[in-house]
1. Which count do you get for residues in the range 69-91 that are at pLDDT 90 or above and touching an Asp or Glu at 6+ places or on another chain (Cβ under 8 Å)?
2. Quickly run through the range 1-43 and pick out the residues that are closer than 21 Å to residue 63 by Cβ and among the hydroxyl-bearing types (Ser, Thr, Tyr).
3. Looking at the range 43-68 only, could you name the residues that are open to solvent by 90 Å² or more (accessible area, probe 1.4 Å) and either modelled with pLDDT under 90 or of a type in the set (Val, Ile, Thr) (or both)?
4. State which residue is least open to solvent (accessible area, probe 1.4 Å) when the search covers only the range 80-91 and only residues that are in a helix (DSSP H, G or I) and in contact (Cβ under 8 Å) with a residue 12 or more places away in the chain.
Amino acid sequence: MAPRVHSAYFVRFLTDPQLREIARTADPALESLIASILGANPATTSDDAFADAELLIAFAFGLQTELLLDQLDEPHALRLLDRFLDRVLGG
């Protein structure tokens, strides 16, 4: 259910020029938060925590799209996410 709600808001941001501009110029707070978590983890093998945070968010958005289209089921998506996190976190 949550991905469908997110998608409904996302469509609004795509179609409303004012909302689109807000999203386009928004501070990358989520990326910064994830980058700080990655940077604080001694097991992380990243040489660019901010870029890895951006990749992780893009990966999650891609999984969300595939879940919405029923291309993936939730257990498989979680396995893929775990695999990606293991790579980023050096696990």
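The values are calculated or read from the model by the stated rules, or taken from the named source; none is laboratory data. All of these numbers come straight from a predicted model, not from anything done at the bench. Because the Cβ atoms are built from the backbone with ideal geometry, glycine has one as well, and the counts that use them run over all protein chains shown. Only protein heavy atoms, including side chains, enter the accessible area calculation; ligands, DNA and RNA are left aside. Shrake-Rupley method; radii C 1.70, N 1.55, O 1.52, S 1.80 Å.
1. Of the residues in the range 69-91, 2 are at pLDDT 90 or above and touching an Asp or Glu at 6+ places or on another chain (Cβ under 8 Å).
2. Scanning the range 1-43 gives 7, 9.
3. Answer for the range 43-68, where residues must be open to solvent by 90 Å² or more (accessible area, probe 1.4 Å) and either modelled with pLDDT under 90 or of a type in the set (Val, Ile, Thr) (or both): 45, 47, 61.
4. My answer is 88.
This table checks each residue for (1) small (Gly, Ala, Ser); (2) farther than 16 Å from residue 65 by Cα; (3) open to solvent by 80 Å² or more (accessible area, probe 1.4 Å).
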position	(1), (2), (3)
5	no, no, no
19	no, yes, no
22	no, yes, yes
27	no, yes, yes
36	yes, yes, no
41	no, yes, no
